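Asks: Pasting in a structure now, in structure tokens, and then I'll have a few things to ask.
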């Protein structure tokens, strides 16, 4: 069975010499939802940017990442980017068109689809994201939660098989968080979610990977791992309230 996402001994240092990833290896099965947690500066965002080839900037020595068995290599970049939908941490990095429709249509147009197919995909993705009727709205008039869902609609319109999300609930109010969680729960794709929102991890992810200082320091079943108070504290995390009175089993 081919893994949806496979990372083998991934290493990366920034131009200033800072080592961000030090031999990261893991895999995610098709349909699985996995949480990626760790303190600030652990390398989570850097890792996510490798999963559809945004990093490294020079594409020599790729091949540490495979998506559905396809190695991330210069020739395969367009194919891999079609398969991996990446939701950035800041919605404003992803919304830049005058209307919601144009923003959601941007990806499908990049895929070279005709107008009828683009319109169909936009309508479908907006319905999935609960934004039907907001096609003509200017993105900067949306609430924080709506902006995040509009970004997600733009990703879904490209019909990826793997969703990679960077802090999807950051800076959302409780209602925005709740709506986004519900939406993510309903999307049947493989998901890798980097987040500080450990309640989200408990609710959506069966497995969790802990990254610290560019290395994987633990991985396992979500409840078991997040109930390990000592492990959590050692890596700048804490057991989420939702598990305060829970037993690991």
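No value in this document is a laboratory result; all are computed from the given coordinates. Please read these numbers as outputs of a predicted model, since none were measured by experiment. Cβ coordinates were reconstructed from backbone atoms using ideal geometry, including for glycine residues, and neighbour counts include every protein chain displayed.
Asks: If you take the square roots of the eigenvalues of the alpha-carbon gyration tensor of segment 145-243 and sort them as a ≥ b ≥ c, do you get rounded (a/c under 1.5), prolate (a/b over b/c) or oblate? Could the numbers behind the result be given before it?
Replies: On the way: a/c = 2.10, a/b = 1.65, b/c = 1.27.
Prolate is the answer for segment 145-243, as a/c is 1.5 or above and a/b outweighs b/c.
Asks: Continuing with this model, one more query. Can you tell me the relative contact order of segment 170-247? Whole percent, Cα pairs under 8 Å, sequence separation 6 or more.
Replies: Details: 58 pairs, mean separation 15.9, N = 78.
Relative contact order for segment 170-247 comes out at 20 percent.
Asks: Principal axis lengths of the chain from Cα atoms, whole Å, largest first?
Replies: 53, 45, 39
Asks: Taking only the alpha-carbon atoms of segment 75-207, what semi-axes of the equivalent ellipsoid follow from 5 times the gyration tensor eigenvalues under a square root, in whole Å, largest first?
Replies: Details: eigenvalues 101, 67, 30 Å².
Ellipsoid half-lengths, sorted descending, are 22, 18, 12 Å.
Asks: Shifting gears a bit: Below 8 Å, C-alpha to C-alpha, sequence gap of six or more: please give me the relative contact order for segment 27-116 in percent. Present the calculation step by step, with values, prior to reporting the outcome.
Replies: Working: 43 pairs, mean separation 14.6, N = 90.
This gives 16 percent for segment 27-116.
Asks: For a protection proxy built on the mean count of beta-carbon atoms within 10 angstrom, sort 85-98, 148-161, 24-37 highest first, please.
Replies: Those peptides, ordered most packed to least, come out 148-161, 24-37, 85-98.
Asks: Select from 100, 65, 217 the residue whose mean-square fluctuation is largest in a Gaussian network model of the chain (Cα-Cα springs shorter than 10 Å).
Replies: Looking only at 100, 65, 217, the largest GNM fluctuation is found for 217.
Asks: Right, another one. Beyond 16 Å, what share of the Cα-Cα pairs of segment 1-81 remains, rounded to the nearest whole percent? Could you put the intermediate results ahead of the total?
Replies: On the way: 1639 of 3240 pairs.
Summing the P(r) tail past 16 Å for segment 1-81 gives 51 percent.
Asks: Using just the helices of the chain, give the 222 nm mean residue ellipticity in deg cm²/dmol: DSSP H runs with n ≥ 4 each add -39,500 (n - 2.57), and the total is spread over all residues, rounded to 500. Display every interim value, and only then the final one.
Replies: On the way: 9 runs with 83 residues, N = 249.
So the helix-based figure for the chain works out to -9500 deg cm²/dmol.
Asks: Which shape class applies to segment 78-153: rounded if a/c is under 1.5, otherwise prolate when a/b exceeds b/c and oblate if not, where a ≥ b ≥ c are the square roots of the Cα gyration tensor eigenvalues?
Replies: Details: a/c = 1.75, a/b = 1.23, b/c = 1.42.
Note, shape of segment 78-153 comes out oblate.
Asks: Quick one: among 192, 120, 200, which has the greatest mean-square fluctuation in a GNM of the chain with alpha-carbon springs under 10 angstrom?
Replies: It is 120.
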